[in-house]
Amino acid sequence: MFDVIIAGCGPTGAMLAAELRLHNVRVLVLEKETEPKSFVRIVGLHIRSLELMAMRGLLDRILPHGRQRPAGGFFAAIPKPAPKDLNSSYAYLLGIPQPVIERLLEEHAIELGAQVRRGCAVADFEQDDEGVTVELADGEQLRSRYLVGCDGGRSTVRKLLGVGFPGEPSRTETLMGEMEVGVPQEEITAKMTEIREIHKPFWLRPFGEGVYSVVVPAAGVGDRAEPPILEDFKQQLRTIAGTDFGVHSPRWMSRFGDATRLAERYRVGRVLLAGDAAHIHPPIGGQGLNLGVQDAFNLGWKLAAQIRGRAPETLLDTYQAERHPVAEDVLDNTRAQTELLSAEPGPQAVRRLLTELMDFDEVNRHLIEKITAIGIRYDFGEGPDLLGRRLHDIDVKQGRLYGLLHRGRGLLLDRTERLTVGGWSDRVDYLADATAVLDVPCVLLRPDGHVAWIGDDQQDLDDHLSRWFGKPAN
(Lines give C-alpha, C1' and ligand atoms only; values in the text may rest on other atoms or scores of the structure.)
Protein backbone atom coordinates (compact mmCIF):
# COMPACT_ATOMS: atom_id res chain seq x y z
CA MET A 1 0.00 0.00 0.00
CA PHE A 2 1.51 3.28 -1.16
CA ASP A 3 0.32 6.71 -0.19
CA VAL A 4 0.71 8.09 -3.71
CA ILE A 5 1.35 6.50 -7.09
CA ILE A 6 2.59 8.92 -9.73
CA ALA A 7 2.24 8.04 -13.41
CA GLY A 8 5.18 9.53 -15.30
CA CYS A 9 8.74 10.31 -14.24
CA GLY A 10 9.33 13.44 -16.27
CA PRO A 11 10.24 16.72 -14.51
CA THR A 12 6.72 17.14 -13.08
CA GLY A 13 6.42 13.59 -11.73
CA ALA A 14 9.94 13.52 -10.30
CA MET A 15 9.53 16.92 -8.65
CA LEU A 16 6.19 15.92 -7.14
CA ALA A 17 7.70 12.70 -5.79
CA ALA A 18 10.50 14.65 -4.11
CA GLU A 19 8.09 17.17 -2.60
CA LEU A 20 5.97 14.37 -1.15
CA ARG A 21 9.02 12.60 0.29
CA LEU A 22 9.97 15.74 2.22
CA HIS A 23 6.90 14.90 4.32
CA ASN A 24 7.57 11.13 4.54
CA VAL A 25 4.83 10.18 2.11
CA ARG A 26 5.27 6.70 0.60
CA VAL A 27 5.65 7.33 -3.13
CA LEU A 28 5.89 5.06 -6.15
CA VAL A 29 6.62 6.57 -9.58
CA LEU A 30 5.66 4.50 -12.62
CA GLU A 31 7.43 5.32 -15.91
CA LYS A 32 6.43 3.50 -19.07
CA GLU A 33 9.80 4.08 -20.77
CA THR A 34 12.45 1.53 -19.85
CA GLU A 35 15.32 4.00 -20.29
CA PRO A 36 15.66 7.76 -19.85
CA LYS A 37 15.47 9.93 -22.98
CA SER A 38 18.63 9.77 -25.06
CA PHE A 39 18.14 12.78 -27.34
CA VAL A 40 19.76 15.99 -26.12
CA ARG A 41 17.05 18.63 -26.31
CA ILE A 42 17.80 21.91 -24.55
CA VAL A 43 15.04 23.23 -22.31
CA GLY A 44 14.95 26.47 -20.34
CA LEU A 45 14.34 27.01 -16.65
CA HIS A 46 12.75 30.42 -16.13
CA ILE A 47 13.18 32.65 -13.09
CA ARG A 48 10.42 31.19 -10.93
CA SER A 49 11.56 27.62 -11.52
CA LEU A 50 15.12 28.62 -10.61
CA GLU A 51 13.77 30.15 -7.40
CA LEU A 52 11.94 26.94 -6.56
CA MET A 53 15.11 24.92 -7.16
CA ALA A 54 16.95 27.27 -4.82
CA MET A 55 14.22 26.77 -2.17
CA ARG A 56 14.96 23.06 -2.13
CA GLY A 57 18.75 23.33 -2.28
CA LEU A 58 18.86 21.97 -5.85
CA LEU A 59 20.17 24.96 -7.76
CA ASP A 60 23.85 24.41 -6.99
CA ARG A 61 23.48 20.87 -8.30
CA ILE A 62 21.77 22.01 -11.50
CA LEU A 63 23.73 25.14 -12.45
CA PRO A 64 26.96 23.40 -13.58
CA HIS A 65 24.99 21.49 -16.21
CA GLY A 66 23.32 24.52 -17.79
CA ARG A 67 24.13 27.70 -19.60
CA GLN A 68 22.85 31.05 -18.37
CA ARG A 69 21.22 33.43 -20.83
CA PRO A 70 19.72 36.89 -20.35
CA ALA A 71 16.10 36.96 -19.20
CA GLY A 72 14.74 38.77 -22.24
CA GLY A 73 13.43 38.26 -25.74
CA PHE A 74 11.01 35.54 -24.71
CA PHE A 75 7.64 36.99 -25.70
CA ALA A 76 7.03 36.01 -29.35
CA ALA A 77 10.83 36.22 -29.77
CA ILE A 78 10.63 40.02 -29.81
CA PRO A 79 14.26 41.03 -29.11
CA LYS A 80 13.84 43.28 -26.10
CA PRO A 81 16.15 43.01 -23.07
CA ALA A 82 14.64 42.37 -19.66
CA PRO A 83 14.36 45.27 -17.19
CA LYS A 84 17.58 45.60 -15.19
CA ASP A 85 15.93 45.50 -11.77
CA LEU A 86 13.77 42.38 -11.92
CA ASN A 87 12.82 41.43 -8.37
CA SER A 88 14.79 38.17 -8.21
CA SER A 89 18.25 36.91 -7.39
CA TYR A 90 17.92 34.51 -10.33
CA ALA A 91 17.04 36.87 -13.17
CA TYR A 92 18.25 34.72 -16.06
CA LEU A 93 17.24 31.75 -18.19
CA LEU A 94 19.11 28.50 -17.62
CA GLY A 95 19.36 26.40 -20.77
CA ILE A 96 19.93 22.77 -19.79
CA PRO A 97 19.69 19.46 -21.68
CA GLN A 98 16.31 17.85 -20.99
CA PRO A 99 17.78 14.41 -20.15
CA VAL A 100 20.05 16.06 -17.59
CA ILE A 101 17.34 17.98 -15.70
CA GLU A 102 15.14 14.87 -15.73
CA ARG A 103 17.99 12.74 -14.38
CA LEU A 104 18.86 15.25 -11.66
CA LEU A 105 15.26 15.55 -10.48
CA GLU A 106 14.77 11.77 -10.53
CA GLU A 107 17.98 11.29 -8.52
CA HIS A 108 16.77 13.90 -6.04
CA ALA A 109 13.46 12.06 -5.58
CA ILE A 110 15.21 8.70 -5.13
CA GLU A 111 17.68 10.16 -2.63
CA LEU A 112 14.69 11.31 -0.57
CA GLY A 113 13.24 7.78 -0.65
CA ALA A 114 10.87 7.68 -3.64
CA GLN A 115 10.62 4.40 -5.54
CA VAL A 116 10.82 4.56 -9.35
CA ARG A 117 9.80 1.64 -11.55
CA ARG A 118 10.57 1.87 -15.27
CA GLY A 119 8.87 -0.12 -17.99
CA CYS A 120 5.57 0.12 -16.08
CA ALA A 121 2.54 1.72 -17.71
CA VAL A 122 -0.83 2.42 -16.11
CA ALA A 123 -3.50 0.47 -18.03
CA ASP A 124 -6.51 1.05 -15.80
CA PHE A 125 -7.57 2.07 -12.31
CA GLU A 126 -10.56 2.13 -9.99
CA GLN A 127 -11.03 4.41 -7.02
CA ASP A 128 -13.15 4.05 -3.92
CA ASP A 129 -13.54 5.87 -0.62
CA GLU A 130 -10.28 4.46 0.74
CA GLY A 131 -7.93 4.65 -2.22
CA VAL A 132 -7.11 3.73 -5.82
CA THR A 133 -6.39 0.32 -7.33
CA VAL A 134 -4.00 0.74 -10.25
CA GLU A 135 -3.65 -1.94 -12.90
CA LEU A 136 -0.44 -2.09 -14.93
CA ALA A 137 -0.11 -3.12 -18.54
CA ASP A 138 1.15 -6.56 -17.48
CA GLY A 139 -1.90 -7.14 -15.28
CA GLU A 140 -0.21 -6.42 -11.93
CA GLN A 141 -2.37 -4.50 -9.48
CA LEU A 142 -1.13 -1.91 -7.00
CA ARG A 143 -2.94 -0.04 -4.28
CA SER A 144 -2.47 3.57 -3.15
CA ARG A 145 -4.38 6.26 -1.36
CA TYR A 146 -4.01 8.69 -4.28
CA LEU A 147 -3.00 8.60 -7.95
CA VAL A 148 -1.49 11.55 -9.82
CA GLY A 149 -1.27 11.59 -13.60
CA CYS A 150 1.94 13.28 -14.71
CA ASP A 151 1.98 11.22 -17.90
CA GLY A 152 2.03 13.91 -20.58
CA GLY A 153 -0.29 15.43 -23.13
CA ARG A 154 -1.69 12.04 -24.20
CA SER A 155 -2.26 11.15 -20.54
CA THR A 156 -3.73 7.69 -19.99
CA VAL A 157 -4.78 8.73 -16.48
CA ARG A 158 -6.73 11.73 -17.76
CA LYS A 159 -8.48 9.66 -20.44
CA LEU A 160 -9.42 6.89 -18.00
CA LEU A 161 -10.63 9.51 -15.56
CA GLY A 162 -12.98 10.88 -18.20
CA VAL A 163 -11.87 14.49 -17.75
CA GLY A 164 -12.54 16.69 -20.76
CA PHE A 165 -9.57 18.28 -22.53
CA PRO A 166 -11.13 21.12 -24.52
CA GLY A 167 -9.19 23.55 -26.65
CA GLU A 168 -7.95 23.92 -30.21
CA PRO A 169 -6.39 21.18 -32.33
CA SER A 170 -3.13 21.82 -34.10
CA ARG A 171 -3.43 24.15 -37.10
CA THR A 172 0.20 24.58 -38.07
CA GLU A 173 3.25 22.45 -37.47
CA THR A 174 6.89 23.34 -36.96
CA LEU A 175 10.17 21.49 -37.14
CA MET A 176 12.53 21.99 -34.22
CA GLY A 177 15.94 20.49 -33.59
CA GLU A 178 19.52 21.04 -32.52
CA MET A 179 22.33 20.45 -34.97
CA GLU A 180 25.71 21.70 -36.12
CA VAL A 181 26.16 24.13 -39.01
CA GLY A 182 28.79 24.45 -41.71
CA VAL A 183 29.01 28.23 -42.14
CA PRO A 184 30.33 31.09 -39.95
CA GLN A 185 27.99 32.68 -37.42
CA GLU A 186 28.28 36.05 -39.17
CA GLU A 187 26.70 34.59 -42.28
CA ILE A 188 23.85 33.11 -40.26
CA THR A 189 23.25 36.38 -38.40
CA ALA A 190 23.09 38.40 -41.61
CA LYS A 191 20.71 35.97 -43.25
CA MET A 192 18.53 35.75 -40.17
CA THR A 193 18.14 39.53 -40.03
CA GLU A 194 16.89 39.46 -43.60
CA ILE A 195 14.60 36.44 -43.28
CA ARG A 196 12.97 37.30 -39.94
CA GLU A 197 11.41 40.40 -41.46
CA ILE A 198 9.15 38.04 -43.39
CA HIS A 199 9.20 34.64 -41.65
CA LYS A 200 8.80 34.97 -37.88
CA PRO A 201 8.53 31.26 -36.97
CA PHE A 202 12.06 30.70 -38.29
CA TRP A 203 15.39 30.90 -36.49
CA LEU A 204 18.85 29.54 -35.98
CA ARG A 205 20.18 30.29 -32.50
CA PRO A 206 23.60 29.28 -31.19
CA PHE A 207 23.76 26.97 -28.18
CA GLY A 208 27.55 26.82 -27.94
CA GLU A 209 30.19 24.49 -29.34
CA GLY A 210 28.96 24.99 -32.90
CA VAL A 211 25.47 23.67 -32.10
CA TYR A 212 22.39 25.64 -33.18
CA SER A 213 18.71 25.46 -32.33
CA VAL A 214 16.87 25.36 -35.65
CA VAL A 215 13.17 26.14 -36.05
CA VAL A 216 11.43 26.11 -39.44
CA PRO A 217 7.84 25.69 -40.66
CA ALA A 218 6.93 22.06 -41.31
CA ALA A 219 4.34 22.65 -44.03
CA GLY A 220 4.89 20.48 -47.08
CA VAL A 221 7.67 18.25 -45.79
CA GLY A 222 7.64 14.74 -44.38
CA ASP A 223 4.86 12.68 -42.93
CA ARG A 224 3.39 14.14 -39.73
CA ALA A 225 3.02 10.60 -38.39
CA GLU A 226 6.77 9.97 -38.72
CA PRO A 227 9.72 11.61 -36.93
CA PRO A 228 11.42 14.29 -39.06
CA ILE A 229 14.75 13.64 -40.76
CA LEU A 230 17.66 15.99 -41.46
CA GLU A 231 16.63 16.34 -45.11
CA ASP A 232 13.30 17.86 -44.00
CA PHE A 233 15.22 20.66 -42.24
CA LYS A 234 17.55 21.18 -45.20
CA GLN A 235 14.61 21.40 -47.62
CA GLN A 236 12.83 24.04 -45.56
CA LEU A 237 15.98 26.03 -44.95
CA ARG A 238 16.70 26.11 -48.68
CA THR A 239 13.10 27.08 -49.47
CA ILE A 240 13.04 29.99 -47.00
CA ALA A 241 16.66 31.15 -46.80
CA GLY A 242 18.08 29.94 -50.08
CA THR A 243 20.68 27.88 -48.21
CA ASP A 244 20.68 25.01 -45.74
CA PHE A 245 23.63 26.55 -43.84
CA GLY A 246 25.42 23.21 -44.07
CA VAL A 247 23.42 21.74 -41.18
CA HIS A 248 24.61 18.31 -40.07
CA SER A 249 25.06 16.00 -37.08
CA PRO A 250 21.65 16.57 -35.44
CA ARG A 251 21.41 15.98 -31.69
CA TRP A 252 17.65 15.65 -31.83
CA MET A 253 14.79 16.56 -34.16
CA SER A 254 11.07 16.84 -33.55
CA ARG A 255 7.86 18.06 -35.09
CA PHE A 256 5.30 19.89 -32.99
CA GLY A 257 1.95 21.54 -33.54
CA ASP A 258 0.18 24.45 -31.90
CA ALA A 259 -2.57 22.44 -30.20
CA THR A 260 -3.76 24.22 -27.05
CA ARG A 261 -5.84 22.35 -24.48
CA LEU A 262 -6.67 22.58 -20.78
CA ALA A 263 -8.19 19.88 -18.58
CA GLU A 264 -11.64 20.79 -17.27
CA ARG A 265 -10.72 19.50 -13.80
CA TYR A 266 -7.43 18.81 -12.04
CA ARG A 267 -8.98 16.47 -9.48
CA VAL A 268 -11.68 13.83 -9.41
CA GLY A 269 -11.84 12.19 -5.99
CA ARG A 270 -8.48 10.58 -5.25
CA VAL A 271 -7.04 11.09 -8.74
CA LEU A 272 -5.27 14.29 -9.77
CA LEU A 273 -3.54 15.67 -12.87
CA ALA A 274 -0.40 17.78 -13.20
CA GLY A 275 1.95 19.01 -15.91
CA ASP A 276 1.21 18.25 -19.56
CA ALA A 277 -1.49 15.79 -18.48
CA ALA A 278 -3.44 18.89 -17.40
CA HIS A 279 -2.42 21.37 -20.10
CA ILE A 280 -0.68 21.51 -23.47
CA HIS A 281 0.33 24.47 -25.60
CA PRO A 282 2.94 25.45 -28.20
CA PRO A 283 6.50 25.76 -26.82
CA ILE A 284 6.69 29.47 -27.65
CA GLY A 285 8.13 31.27 -24.65
CA GLY A 286 9.47 28.03 -23.16
CA GLN A 287 6.84 27.78 -20.42
CA GLY A 288 5.75 24.13 -20.56
CA LEU A 289 8.31 22.37 -18.36
CA ASN A 290 8.25 25.29 -15.93
CA LEU A 291 4.47 25.20 -15.63
CA GLY A 292 4.56 21.50 -14.77
CA VAL A 293 7.31 21.82 -12.17
CA GLN A 294 5.39 24.67 -10.55
CA ASP A 295 2.26 22.50 -10.49
CA ALA A 296 4.27 19.93 -8.53
CA PHE A 297 5.44 22.52 -5.99
CA ASN A 298 1.89 23.70 -5.46
CA LEU A 299 0.44 20.22 -5.11
CA GLY A 300 3.13 18.38 -3.15
CA TRP A 301 2.78 19.90 0.31
CA LYS A 302 -1.02 20.00 0.07
CA LEU A 303 -1.35 16.33 -0.88
CA ALA A 304 1.14 15.40 1.83
CA ALA A 305 -0.92 17.29 4.43
CA GLN A 306 -4.05 15.49 3.24
CA ILE A 307 -2.39 12.09 3.58
CA ARG A 308 -0.97 12.84 7.02
CA GLY A 309 -4.38 14.00 8.27
CA ARG A 310 -3.32 17.60 8.79
CA ALA A 311 -5.00 19.29 5.86
CA PRO A 312 -7.91 21.66 6.35
CA GLU A 313 -11.00 20.38 4.56
CA THR A 314 -10.59 22.56 1.47
CA LEU A 315 -6.78 22.63 1.18
CA LEU A 316 -6.48 20.07 -1.62
CA ASP A 317 -9.15 21.90 -3.61
CA THR A 318 -6.93 25.00 -3.68
CA TYR A 319 -4.60 23.13 -6.05
CA GLN A 320 -7.04 23.50 -8.92
CA ALA A 321 -8.30 26.88 -7.70
CA GLU A 322 -4.76 28.28 -7.89
CA ARG A 323 -3.13 26.40 -10.76
CA HIS A 324 -5.98 26.17 -13.29
CA PRO A 325 -6.12 29.98 -13.79
CA VAL A 326 -2.32 30.07 -14.13
CA ALA A 327 -2.51 27.50 -16.93
CA GLU A 328 -5.35 29.46 -18.57
CA ASP A 329 -3.10 32.51 -18.63
CA VAL A 330 -0.19 30.55 -20.12
CA LEU A 331 -2.44 29.14 -22.84
CA ASP A 332 -3.70 32.63 -23.66
CA ASN A 333 -0.25 34.16 -23.87
CA THR A 334 1.00 31.34 -26.11
CA ARG A 335 -2.04 31.86 -28.34
CA ALA A 336 -1.12 35.54 -28.56
CA GLN A 337 2.52 34.76 -29.29
CA THR A 338 1.54 32.29 -32.00
CA GLU A 339 -0.52 34.96 -33.73
CA LEU A 340 2.38 37.41 -33.53
CA LEU A 341 4.59 34.92 -35.39
CA SER A 342 2.21 34.82 -38.36
CA ALA A 343 3.48 36.37 -41.58
CA GLU A 344 0.02 37.82 -42.35
CA PRO A 345 -0.20 41.66 -42.53
CA GLY A 346 -2.59 42.02 -39.58
CA PRO A 347 -0.55 40.06 -37.02
CA GLN A 348 2.62 41.73 -38.27
CA ALA A 349 1.08 45.17 -37.71
CA VAL A 350 0.19 44.15 -34.14
CA ARG A 351 3.72 42.80 -33.66
CA ARG A 352 5.27 46.10 -34.75
CA LEU A 353 2.99 48.00 -32.38
CA LEU A 354 3.80 45.68 -29.47
CA THR A 355 7.50 46.00 -30.22
CA GLU A 356 7.14 49.77 -29.79
CA LEU A 357 5.09 49.39 -26.61
CA MET A 358 7.73 47.12 -25.08
CA ASP A 359 10.08 50.11 -24.99
CA PHE A 360 7.94 51.22 -22.05
CA ASP A 361 9.37 49.59 -18.94
CA GLU A 362 5.98 48.68 -17.46
CA VAL A 363 4.89 46.82 -20.61
CA ASN A 364 8.18 44.95 -20.95
CA ARG A 365 8.20 44.09 -17.24
CA HIS A 366 4.61 42.82 -17.33
CA LEU A 367 5.36 40.43 -20.20
CA ILE A 368 8.62 39.18 -18.65
CA GLU A 369 6.91 38.56 -15.31
CA LYS A 370 4.13 36.71 -17.12
CA ILE A 371 6.47 34.41 -19.09
CA THR A 372 8.77 33.71 -16.12
CA ALA A 373 5.85 33.25 -13.64
CA ILE A 374 7.17 35.73 -11.08
CA GLY A 375 4.09 37.90 -11.52
CA ILE A 376 1.66 35.26 -10.23
CA ARG A 377 -0.59 36.33 -7.38
CA TYR A 378 -2.92 33.73 -5.91
CA ASP A 379 -6.24 34.99 -4.58
CA PHE A 380 -6.00 34.74 -0.79
CA GLY A 381 -8.57 37.47 -0.18
CA GLU A 382 -8.19 41.16 0.51
CA GLY A 383 -4.86 42.46 1.75
CA PRO A 384 -1.60 44.14 0.75
CA ASP A 385 -0.28 43.55 -2.77
CA LEU A 386 2.34 41.14 -1.41
CA LEU A 387 -0.37 38.77 -0.14
CA GLY A 388 -0.59 35.75 -2.44
CA ARG A 389 2.65 36.57 -4.24
CA ARG A 390 5.94 34.76 -3.95
CA LEU A 391 8.58 36.33 -1.70
CA HIS A 392 11.92 36.70 -3.43
CA ASP A 393 15.17 35.45 -1.89
CA ILE A 394 15.78 38.23 0.63
CA ASP A 395 18.61 38.52 3.14
CA VAL A 396 17.78 37.21 6.62
CA LYS A 397 19.99 37.02 9.66
CA GLN A 398 20.79 33.35 8.97
CA GLY A 399 21.84 34.12 5.39
CA ARG A 400 19.30 33.88 2.58
CA LEU A 401 15.58 33.20 2.86
CA TYR A 402 15.45 30.28 0.44
CA GLY A 403 18.06 28.45 2.47
CA LEU A 404 15.44 28.17 5.23
CA LEU A 405 12.89 26.46 2.97
CA HIS A 406 14.83 23.33 2.00
CA ARG A 407 12.63 21.05 4.12
CA GLY A 408 9.37 22.10 2.47
CA ARG A 409 7.86 23.57 5.65
CA GLY A 410 6.01 26.81 6.28
CA LEU A 411 7.93 29.77 7.72
CA LEU A 412 6.95 32.73 9.91
CA LEU A 413 9.17 35.81 9.55
CA ASP A 414 8.50 37.86 12.68
CA ARG A 415 10.02 41.34 12.95
CA THR A 416 8.02 42.10 16.10
CA GLU A 417 9.46 39.14 18.08
CA ARG A 418 6.06 38.88 19.78
CA LEU A 419 4.38 36.10 17.82
CA THR A 420 4.69 32.31 17.89
CA VAL A 421 3.78 29.37 15.65
CA GLY A 422 2.73 27.45 18.80
CA GLY A 423 1.14 24.10 18.05
CA TRP A 424 2.15 24.29 14.40
CA SER A 425 5.89 24.12 15.14
CA ASP A 426 5.99 20.58 13.75
CA ARG A 427 5.23 21.94 10.26
CA VAL A 428 6.03 25.68 10.39
CA ASP A 429 9.42 27.18 11.25
CA TYR A 430 9.91 30.48 13.07
CA LEU A 431 12.44 33.26 12.51
CA ALA A 432 12.46 36.31 14.79
CA ASP A 433 13.90 39.70 13.81
CA ALA A 434 13.91 38.33 10.28
CA THR A 435 15.04 41.22 8.12
CA ALA A 436 14.90 44.95 7.67
CA VAL A 437 14.11 44.45 3.96
CA LEU A 438 10.42 43.79 4.61
CA ASP A 439 8.21 46.81 5.21
CA VAL A 440 5.55 44.76 7.03
CA PRO A 441 5.71 43.43 10.61
CA CYS A 442 5.30 39.68 10.02
CA VAL A 443 4.93 37.36 7.04
CA LEU A 444 3.73 33.75 6.94
CA LEU A 445 5.10 31.76 4.01
CA ARG A 446 3.66 28.56 2.62
CA PRO A 447 6.07 25.75 1.65
CA ASP A 448 5.96 26.97 -1.96
CA GLY A 449 7.22 30.42 -0.95
CA HIS A 450 3.95 32.31 -1.42
CA VAL A 451 2.86 34.82 1.22
CA ALA A 452 -0.13 33.39 3.09
CA TRP A 453 -0.57 36.11 5.72
CA ILE A 454 0.71 39.57 6.67
CA GLY A 455 0.09 41.23 10.03
CA ASP A 456 1.04 41.42 13.72
CA ASP A 457 -1.93 39.91 15.60
CA GLN A 458 -1.51 36.46 17.17
CA GLN A 459 -5.16 35.43 16.90
CA ASP A 460 -5.28 36.45 13.25
CA LEU A 461 -2.08 34.49 12.67
CA ASP A 462 -3.53 31.42 14.39
CA ASP A 463 -6.57 31.59 12.13
CA HIS A 464 -4.36 31.61 9.05
CA LEU A 465 -2.11 28.86 10.37
CA SER A 466 -5.26 26.75 10.73
CA ARG A 467 -6.38 27.73 7.24
CA TRP A 468 -3.17 26.54 5.59
CA PHE A 469 -1.68 24.00 7.99
CA GLY A 470 -4.64 22.42 9.76
CA LYS A 471 -5.26 21.98 13.46
CA PRO A 472 -2.42 22.59 15.93
CA ALA A 473 -0.70 19.58 17.44
CA ASN A 474 -1.68 20.58 20.96
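Based on this model, can you work out whether residue 268 counts as surrounded by fewer than 17 Cβ atoms within 10 Å (Cβ to Cβ) and closer than 25 Å to residue 3 by Cβ?
On the way: surrounded by fewer than 17 Cβ atoms within 10 Å (Cβ to Cβ): yes; closer than 25 Å to residue 3 by Cβ: yes.
When the stated conditions are applied, residue 268 passes them.
Please go through region 213-230 and pick out each residue that is under 17 Å from residue 172 (Cβ atoms) and open to solvent by 50 Å² or more (accessible area, probe 1.4 Å).
Hits for region 213-230 are 219, 220, 222, 223, 224, 225.
Could you identify the single residue in 372, 416, 420 that is farther than 23 Å from residue 22 by Cβ, open to solvent by 50 Å² or more (accessible area, probe 1.4 Å) and either in contact with a Phe, Trp or Tyr (Cβ under 7 Å, 6 or more places away or on another chain) or of a type in the set (Ser, Thr, Tyr) (or both)? Steps first, answer last, please.
Working: 372 fails: open to solvent by 50 Å² or more (accessible area, probe 1.4 Å); 416 fails: open to solvent by 50 Å² or more (accessible area, probe 1.4 Å).
Answer to the check: 420.
Among 233, 245, which is assigned to a loop (DSSP other than H, G, I, E, B), modelled with pLDDT of 85 or more, open to solvent by less than 30 Å² (accessible area, probe 1.4 Å) and not β-branched (Val, Ile, Thr)?
245
Which of (1) within 27 Å of residue 309 (Cα to Cα); (2) not in a strand (DSSP E or B) is the odd one out, the single condition residue 165 does not satisfy?
Among (1) within 27 Å of residue 309 (Cα to Cα); (2) not in a strand (DSSP E or B), the lone unmet condition for residue 165 is (1).
Just give me the residues in region 445-465 being without any contact (Cβ under 8 Å) to a residue 40 or more places away in the chain and either assigned to a loop (DSSP other than H, G, I, E, B) or under 16 Å from residue 392 (Cβ atoms) (or both), in sequence order.
Here is the first cut: in region 445-465, the residues without any contact (Cβ under 8 Å) to a residue 40 or more places away in the chain are 455, 457, 459-460, 463-464.
Scanning region 445-465 gives a single hit, 457.
For every residue, the table says whether it meets (1) part of a strand (DSSP E or B); (2) farther than 28 Å from residue 292 by Cα; (3) aliphatic (A, V, I, L, M).
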position	(1), (2), (3)
359	no, yes, no
364	no, no, no
370	no, no, no
374	no, no, yes
430	yes, yes, no
438	no, yes, yes
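Could you list, in sequence order, all residues of region 375-385 that are touching an Asp or Glu at 6+ places or on another chain (Cβ under 9 Å) and surrounded by 13 or more Cβ atoms within 10 Å (Cβ to Cβ)?
Passing the criteria: 375, 376, 377, 378.
Give the residue, chosen from 114, 123, 109, that is within 30 Å of residue 24 (Cβ to Cβ) and free of Cβ contacts under 8 Å to residues at least 60 places away in the same chain. Steps first, answer last, please.
Details: 114 fails: free of Cβ contacts under 8 Å to residues at least 60 places away in the same chain; 109 fails: free of Cβ contacts under 8 Å to residues at least 60 places away in the same chain.
Of 114, 123, 109, the one residue that is within 30 Å of residue 24 (Cβ to Cβ) and free of Cβ contacts under 8 Å to residues at least 60 places away in the same chain is 123.
For the subset of region 351-397 comprising residues that are touching a residue at least 60 places away in the same chain (Cβ under 8 Å) and on the phi > 0 side of the Ramachandran plot, which member is nearest to the chain's Cα centre (by Cα)?
It comes out as 373.
Condition first: touching a residue at least 24 places away in the same chain (Cβ under 8 Å), surrounded by fewer than 21 Cβ atoms within 10 Å (Cβ to Cβ) and under 21 Å from the mean Cα position of the chain (by Cα). Now tell me which residues in region 146-165 satisfy that.
Matches in region 146-165: 152, 153, 156, 165.
Name the residue, out of 48, 69, that is more than 20 Å from residue 151 (Cβ to Cβ), basic (Lys, Arg) and open to solvent by less than 20 Å² (accessible area, probe 1.4 Å). Show your work before the answer.
Details: 69 fails: open to solvent by less than 20 Å² (accessible area, probe 1.4 Å).
Of the residues listed, the single one that is more than 20 Å from residue 151 (Cβ to Cβ), basic (Lys, Arg) and open to solvent by less than 20 Å² (accessible area, probe 1.4 Å) is 48.
Restricting attention to region 280-334, and to residues there that are in a helix (DSSP H, G or I) and acidic (Asp, Glu), which single residue is surrounded by the most Cβ atoms within 10 Å (Cβ to Cβ)?
Across region 280-334, the extreme among qualifying residues is 295.
Which residues, taken from region 109-145, are more than 18 Å from residue 272 (Cα to Cα), open to solvent by 20 Å² or more (accessible area, probe 1.4 Å) and within 24 Å of the chain's Cα centre (by Cα)?
110, 111, 112, 113, 115, 116, 117, 118
Given the residues 200, 191, which is the only one that is more than 24 Å from residue 154 (Cα to Cα), surrounded by 13 or more Cβ atoms within 10 Å (Cβ to Cβ) and modelled with pLDDT under 80? Give the steps one after another, and end with the answer.
Working: 191 fails: modelled with pLDDT under 80.
After applying the criteria, what remains is 200.
Would you be able to tell me the number of residues in region 116-143 that are of a type outside the set (D, E, K, R) and either under 20 Å from residue 162 (Cα atoms) or modelled with pLDDT under 95 (or both)? Talk me through it step by step, then tell me what you get.
Of the residues in region 116-143, the ones of a type outside the set (D, E, K, R) are 116, 119-123, 125, 127, 131-134, 136-137, 139, 141-142.
Narrowing further to those that are either under 20 Å from residue 162 (Cα atoms) or modelled with pLDDT under 95 (or both): 121-123, 125, 127, 131-134, 136-137.
Selection size over region 116-143: 11.
Quick check on region 169-183: of everything there that is in a strand (DSSP E or B) and among the aliphatic types (A, V, I, L, M), which residue is surrounded by the fewest Cβ atoms within 10 Å (Cβ to Cβ)?
Only one residue fits best here, namely 176.
Restricting to region 41-58, what's the tally of residues that are within 12 Å of the chain's Cα centre (by Cα) and closer than 14 Å to residue 91 by Cβ?
Taking region 41-58 as the starting set, the residues that turn out to be within 12 Å of the chain's Cα centre (by Cα) are 43-53.
This time we only want the ones that are closer than 14 Å to residue 91 by Cβ, so: 44-51.
Qualifying residue count, region 41-58: 8.
The values are calculated or read from the model by the stated rules, or taken from the named source; none is laboratory data. Keep in mind that this is a model prediction, so the values were computed, not measured. We place every Cβ from the backbone using ideal geometry, glycine too, and count neighbours over all the protein chains shown. These area figures cover heavy atoms from the full protein model, side chains too; ligands, DNA and RNA do not enter into them. Shrake-Rupley method; radii C 1.70, N 1.55, O 1.52, S 1.80 Å.
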